[in-house]
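Novice: Take this structure, written in C-alpha cells, and hold onto it; I'll ask about it next.
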Amino acid sequence: MKLTFYKTALNILLRMPNWFFAALFIVAFPIYKALHQKRAYGRTVAHLQKARAFRGFTAKCTADDVFRGIYWNAIDSYRGLARLKRTTDRIVYENENVMMEALTRSKSSDGTPLPLAAISIHQGAFELLHRSLCRYSDNVHLITDSVGDEATRQLLKELRSDEHLTEYHPDELSQLLRNLFAPPAKLNKKGNAILAMVVDQGRHTKGCTETLFRMPSTLYLRLPEKVNQMGAGIVTFRTFTRAASNCEGFREKGCRGNQHRGKNEIVIRFETYYPPKFDQRNNSTDQIKISGTSLTSSIAKEIENWISENPSEWSWNYHGNFRV
C-alpha cells in the first residue's frame, strides 16, 4: 500500500513543471537552511571555506549554490530514471572512445571478456550514470546501499531498473566477485561485465585515506583497487550540467535560470582508463615511488579536479566529507 502511494505521488511530482519546483525551493529552502545551520548547511559552509584556501580552488560557489544544485540535480535524476523524454533528450555523451577502448582491451589472452569497473562520485544527476552504462554493455552490475524504509528502497530499485542492470547490496559483494572472476566467470559469458559504483560516500565499509584540497579525506577506493589487482580495468566517469549553446530544439521557452532547467545539457563524460594491475605496472618502472601516481592517488586527484570544475554540483553536505 505504501509503495503504491509513493509511486503515484512520485509520478505526479516528476511531471510537474519546472516553475513549480522553483517556487517550492524558494519557499522550503530558507526553512531548511535555518534548521540546519549546525548540521548539513553549516558543514557545507565550513567545507567551502577550507577548500578556498587551496590554490587550485577558485570557483565562487556558496552553500546556497550547492543546495540549489543538489535539488535540481535530484529532480533531473529521478525524471531521467522515469525515462521522461524532456530529461533524457538533454543527455549528452562525451569521450565515449574511452569506454569503447576499455571494453576492447578488457579481454584475456584467449579472447574471453574480462570485467571492467566504472567509478564515479555523487556529483550532478549521478543517478543517471549507472543506467547510462547499459548503452555499452548488457551486463551491468550496480553496488548500492539501502536507504529509507522498505517501500522507499523498493521504489528506488524499480526506478533504477533496466533489463541490462542488476542491483546488489554490499552484503552480496563476495558472491558477485566470485561470479565475475572465479573460473568459470559466469557473469562474463554474455560479454564484458561492468561493475558500477560511486566512491565518495560509503556505509558499513572501510575507505582509503586520500587528500582533497589538502585536507585528509576518505574515499571508498578499496574495492576498485581490489578488482584492479584481480584483473579488471577501471574507467572513471562523471556527470554535470552545462548550459546549452542555444535554445533551439527545446519545447519550453527561455534560457535563463534553474526554473528553465530544461535548457541545460546533462553531460555524461568518460575520463580515464586505468589498465588492470595498474600499481604493479607502475612499480615495475619505479614511477609509483617517484611521482606517487598510485591508482588511488590518481583517482583522488581526478575527483578533486571534478569538484573544482563543478563545485555547486557536488554533495559538500555529506557528513563524511574530509574525515578519516
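Novice: Tell me yes or no: at least one residue of segment 286-293 is among the charged types (D, E, K, R), at pLDDT 85 or above and either more than 22 Å from the chain's Cα centre (by Cα) or part of a helix (DSSP H, G or I) (or both).
Specialist: Going residue by residue through segment 286-293, those that are among the charged types (D, E, K, R) are 286, 289.
Of the ones still in play, those that are also at pLDDT 85 or above are none.
No - not one qualifying residue is present in segment 286-293.
Novice: Right, another one. What are the residues in segment 29-55 that are surrounded by 11 or more Cβ atoms within 10 Å (Cβ to Cβ) and more than 20 Å from Tyr318 (Cβ to Cβ), if any?
Specialist: Within segment 29-55, Pro30 is the sole residue that qualifies.
Novice: OK, next. Please verify whether Asp110 is in a loop (DSSP other than H, G, I, E, B), at pLDDT below 90 and of a type outside the set (Lys, Arg), treating the condition exactly as stated.
Specialist: Yes.
Novice: So how many residues does segment 38-86 have that are of a type in the set (Lys, Arg), under 30 Å from Ser161 (Cβ atoms) and in contact (Cβ under 8 Å) with a residue 12 or more places away in the chain?
Specialist: Of all residues in segment 38-86, those of a type in the set (Lys, Arg) come to 38-39, 43, 50, 52, 55, 60, 68, 79, 83, 85-86.
Narrowing further to those that are under 30 Å from Ser161 (Cβ atoms): 68, 79, 83, 85-86.
So of that shortlist, the ones also in contact (Cβ under 8 Å) with a residue 12 or more places away in the chain come out as 68, 79, 86.
Number satisfying all stated conditions: 3.
Novice: Checking Gly111 against (1) more than 16 Å from Arg238 (Cβ to Cβ); (2) among the small types (Gly, Ala, Ser); (3) surrounded by 13 or more Cβ atoms within 10 Å (Cβ to Cβ), only one condition comes out false. Which one?
Specialist: (3)
Novice: Taking only pairs six or more apart or across chains, which ones have beta-carbon atoms under 8 Å, a first residue in segment 263-291 that is of a type in the set (Ser, Thr, Tyr) and surrounded by fewer than 16 Cβ atoms within 10 Å (Cβ to Cβ), and a second residue that is assigned to a helix (DSSP H, G or I) and at pLDDT 75 or above?
Specialist: Thr272/Val98; Thr272/Ser298; Thr272/Glu302
Novice: Name, by its number, the condition in (1) of a type outside the set (Asp, Glu); (2) in contact with a Leu (Cβ under 9 Å, 6 or more places away or on another chain); (3) loosely packed, with under 12 Cβ neighbours inside 10 Å that does not hold for Ala102.
Specialist: (3)
Novice: Kindly indicate whether any position in segment 129-142 is part of a helix (DSSP H, G or I), in contact (Cβ under 8 Å) with a residue 40 or more places away in the chain, crowded, with 20+ Cβ neighbours inside 10 Å and of a type in the set (Ser, Thr, Tyr). Show your work before the answer.
Specialist: Going residue by residue through segment 129-142, those that are part of a helix (DSSP H, G or I) are 129-135.
If we keep only those that are in contact (Cβ under 8 Å) with a residue 40 or more places away in the chain too, we end up with 129-133, 135.
The next check asks that each one be crowded, with 20+ Cβ neighbours inside 10 Å; those that pass are 129-133.
Still in the running and of a type in the set (Ser, Thr, Tyr): 132.
Checked segment 129-142: at least one residue is part of a helix (DSSP H, G or I), in contact (Cβ under 8 Å) with a residue 40 or more places away in the chain, crowded, with 20+ Cβ neighbours inside 10 Å and of a type in the set (Ser, Thr, Tyr).
Novice: I've got another one for you. What's the number of the only condition in (1) in contact with a Leu (Cβ under 6 Å, 6 or more places away or on another chain); (2) among the hydrophobic types (A, V, I, L, M, F, W, C); (3) surrounded by fewer than 20 Cβ atoms within 10 Å (Cβ to Cβ) that Ile91 fails to meet?
Specialist: Result: Ile91 fails condition (1) only.
Novice: If only one of Arg79, Arg68, Arg86 is among the basic types (Lys, Arg), within 22 Å of Lys263 (Cβ to Cβ), out of contact with any strand residue (DSSP E or B) (no Cβ under 8 Å at 6 or more places or on another chain) and surrounded by 18 or more Cβ atoms within 10 Å (Cβ to Cβ), which one is it? Working first, answer last.
Specialist: Working: Arg68 fails: surrounded by 18 or more Cβ atoms within 10 Å (Cβ to Cβ); Arg86 fails: surrounded by 18 or more Cβ atoms within 10 Å (Cβ to Cβ).
Criteria check complete, one pass: Arg79.
Novice: (1) under 27 Å from Gly233 (Cβ atoms); (2) out of contact with any strand residue (DSSP E or B) (no Cβ under 6 Å at 6 or more places or on another chain): which one isn't true of Ala102, the others all being true?
Specialist: (2)
Novice: Continuing with this model, one more query. If I filter segment 163-186 for residues that are modelled with pLDDT of 90 or more, under 20 Å from Phe270 (Cβ atoms) and surrounded by fewer than 22 Cβ atoms within 10 Å (Cβ to Cβ), do I get at least one hit?
Specialist: Within segment 163-186, one or more residues are modelled with pLDDT of 90 or more, under 20 Å from Phe270 (Cβ atoms) and surrounded by fewer than 22 Cβ atoms within 10 Å (Cβ to Cβ).
The values are calculated or read from the model by the stated rules, or taken from the named source; none is laboratory data. As the structure is a prediction and not an experimental result, all values here were calculated from the model. So basically every Cβ, Gly included, is an ideal-geometry build from the backbone, and we count neighbours across all protein chains shown.
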